[in-house]
């Protein structure tokens, strides 16, 4: 394991850090020019509205580096307590990981292995179903630069990138003038499919407002039309809320496209059908390659959730929901995924890295978490850090700390931190916990 | 007092680079390297490993495998069904847990390679954009020194430079890209074909002189020009080529033409087995071996080297940067399919498959691989590989050794495959048996030499102390699947199949010199077409774990 990088203060008034990376969403834009004055970010050129609020809102927090049961403590004391909690537990879990560097993720998985624990990431509550669909049928995909250079029919399904990934259109999917689409937006047809007319719908050439919970039926209609299988127009209209003729028109355009791209969000993966929806979409993209080139890509939310998938996979062989209690990795979503291990009252200790389950998990899961000792690492105070046995205030990745993040298309990008932080990094805290856990386990 | 020496005493040593063929010798190690025996006879080693009666060879070198990066990791994600049935890799006090199947997790990969006596491995196909990913995975792949080849055969800047007849620019670009990625040599995969795959439904190129649309170059020009540039840069290894038309009946004509295309340049043809097929297009019934015709050319042309890409029967996962090939295989096997088209242009295809000995095609593939080993005159230019995991897992290497060393075993196995193999290949007539000396060449000394690694593949002073010690056994599978001890950088990392000290291993990379004035051109191109910033692309040295630059000065 590499020596943990030390955060070096970057001082002197009005420094500009060019080509800095924004880790707020899965777009991971690496072209931001950050202006720093008096250890504050005063400008984030080219950042979107979300990116600006990310950069402006992350002045170093003056909370203590570590709190044990809410009382200030040294990092060393926190590490000792954390290691004791994790090694004394019978069913410890490691969760979160999507908003930290892959260097830190690697150590977190190592801790999970050392304590015979369960490792899971926020993937299990966002694109987990897409991961399962991937296991079932594979995925025909590409990097975002290929979308920019070749994509001439872009379908957004069950997502609202105009608000969740504001620069996706301009940087990757709609506006760029690419090698094979030299006129940019004019060379592209944009299609939206969603249950409601979001801001994204306004940017589309065609919009399909399907009936809620009918994604699977809509996708199978398209799969049938792709293969010229006869379908009942009445049933299609009844099931999807859209006339068959409109689906046929879409299919004609899909077949006429040279390089079709489907980008999908949690509107597909977290609605009725879940992984079957994702599987239907991945299969549709695959089917289309009998006629033209077509690719598909999940729109990932967190800045390094894709890194978490990659790291957990290369170390254990599975992408999320991995249990190592028998000494080797086993995968079973629903059994080893965190919302389930908590809600069923199985987990008896937790290491939570860069996540806030106390704010967004189900009532039974939150109740269980409240009742067990857990460790939380977060740059900010959150409902999760407030109830933690040990809470570490860590430096913010990308703003204070260097490291690697993986964009939604698996492209690794290095971070250029703009600000110093007095807080330790996730990597430093996790490395210390890992060392201590290893000693205690001997 | 500590002398710092470690002695391997009295082993039967095989060191073909120095012409040592099974002689009883001592080997002295200090500071991770093999050294001369100390002239002062009072000096005693700190530690002695008694190797009397045992076989001592340099550590194995796998010059063509797929063990890291986005393609391998996607394949890991895609095959949970294999892992559940596979051997468990259980955590110990000094090793990490992991999963097996045809695409093992990183730690498991390192332990298992070391368990077979391999201490160096090169990943054969890395998309330039994924360089950092590979460095991260390599750091989590213990017990091995590692390097990787950088995909360039469908790169737009490369094709533009060739089209504009700017060989100097091409050379500088290759040097820049290898240096930026911290890679080892250019890999060319289905030159031109992967670009056409992105442009057209089921697109591909089918011959060396087909035009690559939009770029107006041919596969032949791409191979020829990159090979020349690599030689001009004096890279330690040649260009590493996955030729056009892989797996297609009748592809031997393309392969022979490809060999001729190299002219006087050095060239390595990867997994040559998959490129040695006769027969008519798409007609299984005419499928046959053309090894005799191809091996004759390789025997006579010393600028060419090959690794075999041996097929073994059983389930595996094919993975390739050859996008259209992945599509072809997934359709042929009706399997799940992963494909990824990548900027800084490369492709990727993954499909699970099963090689069956009842299948004519698979049986012939198996036989064709063996024909390559047995018909090649010069073992220094034919390297053992399964193109892991494409032809089978690297875990099959001991079985391949037995097939080569034990004619009876080979003929027994030949009886179990599709009977038409007897007529469509020469395998049944081949009586050659490899010696231990020759096995040592095709599994370590040869690949080390071909890669230009002067400190690998031999046991002379100055070599890295990567050494494998085997217990002799007439059953060569048994002998090679469980070494008595494996030493890496002078440290015993495996004993009796158990991992003792899983060193991380180092990265082997090149840093060729080039005219840096080209960087502004590359930057302009990069910012125009790619989705990350030029400045954020290159991998700096401090990003790497332990590392060693391999010098460019061999020619």
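The values are calculated or read from the model by the stated rules, or taken from the named source; none is laboratory data. Not measured: the values here are computed from a predicted model. FYI the Cβ positions are ideal-geometry reconstructions off the backbone, even for glycines, and counts take in every protein chain you see.
Test of understanding: among B:115, B:110, which residue is modelled with pLDDT of 95 or more, away from chain A (no Cβ under 14 Å) and under 20 Å from the mean Cα position of the chain (by Cα)? Can you show your working first?
Details: B:110 fails: away from chain A (no Cβ under 14 Å).
Of the residues listed, the single one that is modelled with pLDDT of 95 or more, away from chain A (no Cβ under 14 Å) and under 20 Å from the mean Cα position of the chain (by Cα) is B:115.
Does residue B:509 meet the test of being in contact with a strand residue (DSSP E or B) (Cβ under 9 Å, 6 or more places away or on another chain), within 24 Å of residue B:68 (Cβ to Cβ) and more than 9 Å from chain A (Cβ to nearest Cβ)?
Working: in contact with a strand residue (DSSP E or B) (Cβ under 9 Å, 6 or more places away or on another chain): yes; within 24 Å of residue B:68 (Cβ to Cβ): yes; more than 9 Å from chain A (Cβ to nearest Cβ): yes.
Yes; evaluated as a whole, the condition is true for this residue.
In this structure, is residue B:83 more than 30 Å from residue B:8 (Cβ to Cβ), in contact with a helix residue (DSSP H, G or I) (Cβ under 8 Å, 6 or more places away or on another chain) and either within 8 Å of chain A (Cβ to nearest Cβ) or surrounded by fewer than 24 Cβ atoms within 10 Å (Cβ to Cβ) (or both)?
Values: more than 30 Å from residue B:8 (Cβ to Cβ): yes; in contact with a helix residue (DSSP H, G or I) (Cβ under 8 Å, 6 or more places away or on another chain): no; either within 8 Å of chain A (Cβ to nearest Cβ) or surrounded by fewer than 24 Cβ atoms within 10 Å (Cβ to Cβ) (or both): yes.
No, not satisfied.
Restricting the stretch A:308-333 to residues that are at the interface with chain B (Cβ under 7 Å from one of its Cβ atoms) and part of a loop (DSSP other than H, G, I, E, B), which is surrounded by the fewest Cβ atoms within 10 Å (Cβ to Cβ)? Talk me through it step by step, then tell me what you get.
Keep residues of the stretch A:308-333 that are at the interface with chain B (Cβ under 7 Å from one of its Cβ atoms), which gives A:310, A:313-319, A:324, A:327-329, A:331.
After this cut, where a residue has to be part of a loop (DSSP other than H, G, I, E, B) as well, the list is A:317-319, A:324, A:327-329.
Working: A:317: 31, A:318: 26, A:319: 29, A:324: 24, A:327: 13, A:328: 24, A:329: 29.
The residue in question is A:327.
Could you please find all residues in the stretch B:92-104 being in contact with a helix residue (DSSP H, G or I) (Cβ under 6 Å, 6 or more places away or on another chain) and either surrounded by fewer than 21 Cβ atoms within 10 Å (Cβ to Cβ) or at the interface with chain A (Cβ under 7 Å from one of its Cβ atoms) (or both)?
Selection gives B:96, B:97, B:98, B:99.
Residues of the stretch A:169-186 being in contact with a strand residue (DSSP E or B) (Cβ under 8 Å, 6 or more places away or on another chain) and within 11 Å of chain B (Cβ to nearest Cβ), which ones?
A:173, A:180
More than 14 Å from every other protein chain (Cβ to nearest Cβ) and either out of contact with any helix residue (DSSP H, G or I) (no Cβ under 7 Å at 6 or more places or on another chain) or closer than 23 Å to residue A:301 by Cβ (or both): does that describe residue A:124? Give the steps one after another, and end with the answer.
Values: more than 14 Å from every other protein chain (Cβ to nearest Cβ): yes; either out of contact with any helix residue (DSSP H, G or I) (no Cβ under 7 Å at 6 or more places or on another chain) or closer than 23 Å to residue A:301 by Cβ (or both): yes.
Here the answer is yes, as residue A:124 does meet what is asked.
Might you check whether a residue that is under 21 Å from residue A:310 (Cα atoms), at pLDDT 95 or above and in contact with a helix residue (DSSP H, G or I) (Cβ under 6 Å, 6 or more places away or on another chain) occurs anywhere in the stretch A:387-403?
Checking the stretch A:387-403: at least one residue is under 21 Å from residue A:310 (Cα atoms), at pLDDT 95 or above and in contact with a helix residue (DSSP H, G or I) (Cβ under 6 Å, 6 or more places away or on another chain).
Could you check how many residues of the stretch A:281-298 are surrounded by fewer than 24 Cβ atoms within 10 Å (Cβ to Cβ), more than 16 Å from residue B:335 (Cα to Cα) and more than 10 Å from chain B (Cβ to nearest Cβ)?
Residues flagged as surrounded by fewer than 24 Cβ atoms within 10 Å (Cβ to Cβ), more than 16 Å from residue B:335 (Cα to Cα) and more than 10 Å from chain B (Cβ to nearest Cβ) within the stretch A:281-298 amount to 0.
For the stretch A:150-176, enumerate the residues that are assigned to a loop (DSSP other than H, G, I, E, B) and under 16 Å from residue A:188 (Cα atoms).
Taking the stretch A:150-176 as the starting set, the residues that turn out to be assigned to a loop (DSSP other than H, G, I, E, B) are A:151-152, A:158-160, A:165-167, A:174-176.
A:151, A:152, A:174, A:175, A:176 - these are the residues of the stretch A:150-176 that are assigned to a loop (DSSP other than H, G, I, E, B) and under 16 Å from residue A:188 (Cα atoms).
Any idea which of A:251, A:204 is in a helix (DSSP H, G or I) and either touching a strand residue (DSSP E or B) at 6+ places or on another chain (Cβ under 7 Å) or under 19 Å from residue A:286 (Cβ atoms) (or both)?
Numbers: A:204 fails: in a helix (DSSP H, G or I).
None of the others qualify; the one that does is A:251.
Answer yes or no as to whether residue A:260 is away from chain B (no Cβ under 14 Å), within 24 Å of the chain's Cα centre (by Cα) and under 30 Å from residue A:211 (Cβ atoms). If you could, list the steps in order and put the result at the bottom.
Details: away from chain B (no Cβ under 14 Å): no; within 24 Å of the chain's Cα centre (by Cα): yes; under 30 Å from residue A:211 (Cβ atoms): yes.
For residue A:260, the condition - away from chain B (no Cβ under 14 Å), within 24 Å of the chain's Cα centre (by Cα) and under 30 Å from residue A:211 (Cβ atoms) - is not met.
Looking at this structure, is residue B:196 under 30 Å from residue B:59 (Cβ atoms) and either within 14 Å of chain A (Cβ to nearest Cβ) or buried (at least 23 other Cβ atoms within 10 Å of the Cβ) (or both)? Talk me through it step by step, then tell me what you get.
Numbers: under 30 Å from residue B:59 (Cβ atoms): no; either within 14 Å of chain A (Cβ to nearest Cβ) or buried (at least 23 other Cβ atoms within 10 Å of the Cβ) (or both): yes.
Against the criterion (under 30 Å from residue B:59 (Cβ atoms) and either within 14 Å of chain A (Cβ to nearest Cβ) or buried (at least 23 other Cβ atoms within 10 Å of the Cβ) (or both)), residue B:196 does not qualify.
In the stretch B:163-170, is there at least one residue being part of a helix (DSSP H, G or I), free of Cβ contacts under 8 Å to residues at least 60 places away in the same chain and either closer than 23 Å to residue B:270 by Cα or out of contact with any helix residue (DSSP H, G or I) (no Cβ under 6 Å at 6 or more places or on another chain) (or both)? Reasoning before the result, please.
As a first pass, look at the stretch B:163-170 and keep what is part of a helix (DSSP H, G or I): B:163, B:167-170.
With the extra rule that they be free of Cβ contacts under 8 Å to residues at least 60 places away in the same chain, the set shrinks to B:163, B:170.
Retained after the next criterion (residues that are either closer than 23 Å to residue B:270 by Cα or out of contact with any helix residue (DSSP H, G or I) (no Cβ under 6 Å at 6 or more places or on another chain) (or both)): B:163, B:170.
Checked the stretch B:163-170: at least one residue is part of a helix (DSSP H, G or I), free of Cβ contacts under 8 Å to residues at least 60 places away in the same chain and either closer than 23 Å to residue B:270 by Cα or out of contact with any helix residue (DSSP H, G or I) (no Cβ under 6 Å at 6 or more places or on another chain) (or both).
If residue A:305 passes every condition in (1) at the interface with another protein chain (Cβ under 7 Å from one of its Cβ atoms); (2) buried (at least 24 other Cβ atoms within 10 Å of the Cβ); (3) touching a residue at least 12 places away in the same chain (Cβ under 8 Å) but one, which one does it miss?
(1)
Could you identify the single residue in B:227, B:213, B:180 that is farther than 21 Å from residue B:250 by Cα and touching a residue at least 60 places away in the same chain (Cβ under 8 Å)? Can you show your working first?
Working: B:227 fails: touching a residue at least 60 places away in the same chain (Cβ under 8 Å); B:213 fails: touching a residue at least 60 places away in the same chain (Cβ under 8 Å).
Going through B:227, B:213, B:180 in turn, just one is farther than 21 Å from residue B:250 by Cα and touching a residue at least 60 places away in the same chain (Cβ under 8 Å): B:180.
Taking the stretch A:154-173, which residues are at negative phi and crowded, with 23+ Cβ neighbours inside 10 Å? First the steps, then the outcome.
Residues of the stretch A:154-173 at negative phi: A:154-157, A:159-173.
A:154, A:155, A:156, A:157, A:159, A:161, A:165, A:168, A:172, A:173 - these are the residues of the stretch A:154-173 that are at negative phi and crowded, with 23+ Cβ neighbours inside 10 Å.
Condition (residue is part of a helix (DSSP H, G or I) and crowded, with 16+ Cβ neighbours inside 10 Å) applied to the stretch B:425-432: is it met by at least one residue? Break it down stepwise before answering.
Of the stretch B:425-432, the ones part of a helix (DSSP H, G or I) are B:427-429.
With the extra rule that they be crowded, with 16+ Cβ neighbours inside 10 Å, the set shrinks to B:427.
Yes, because at least one residue in the stretch B:425-432 is part of a helix (DSSP H, G or I) and crowded, with 16+ Cβ neighbours inside 10 Å.
Considering A:379, A:424, A:383, A:417, which residue is closer than 30 Å to residue A:43 by Cα and within 14 Å of chain B (Cβ to nearest Cβ)?
On the way: A:379 fails: within 14 Å of chain B (Cβ to nearest Cβ); A:424 fails: within 14 Å of chain B (Cβ to nearest Cβ); A:383 fails: within 14 Å of chain B (Cβ to nearest Cβ).
Every option except A:417 fails the conditions.
Tell me, which strands (runs of 3 or more DSSP E) wholly within the stretch B:449-555 include 2 or more residues that are modelled with pLDDT of 95 or more, farther than 30 Å from residue B:265 by Cα and more than 23 Å from the chain's Cα centre (by Cα)?
Numbers: elements: B:467-470, B:485-488, B:491-495, B:507-509, B:547-549.
The qualifying strands (runs of 3 or more DSSP E) are B:491-495.
How many of the residues making up the stretch B:3-61 are without any contact (Cβ under 8 Å) to a residue 40 or more places away in the chain and under 13 Å from residue B:461 (Cβ atoms)?
Step one: filter the stretch B:3-61 for residues without any contact (Cβ under 8 Å) to a residue 40 or more places away in the chain, giving B:19, B:23-26, B:28, B:37-42.
When the remaining residues are screened for being under 13 Å from residue B:461 (Cβ atoms), the result is B:25-26, B:28, B:37-39.
The total comes to 6.
Somewhere in the stretch B:127-146, is a residue away from chain A (no Cβ under 12 Å), in contact with a helix residue (DSSP H, G or I) (Cβ under 9 Å, 6 or more places away or on another chain) and under 22 Å from residue B:319 (Cα atoms)?
yes
Being surrounded by fewer than 24 Cβ atoms within 10 Å (Cβ to Cβ) and within 14 Å of chain A (Cβ to nearest Cβ), is that true of even one residue in the stretch B:147-159?
Scanning the stretch B:147-159, I find at least one residue that is surrounded by fewer than 24 Cβ atoms within 10 Å (Cβ to Cβ) and within 14 Å of chain A (Cβ to nearest Cβ), so the answer is yes.
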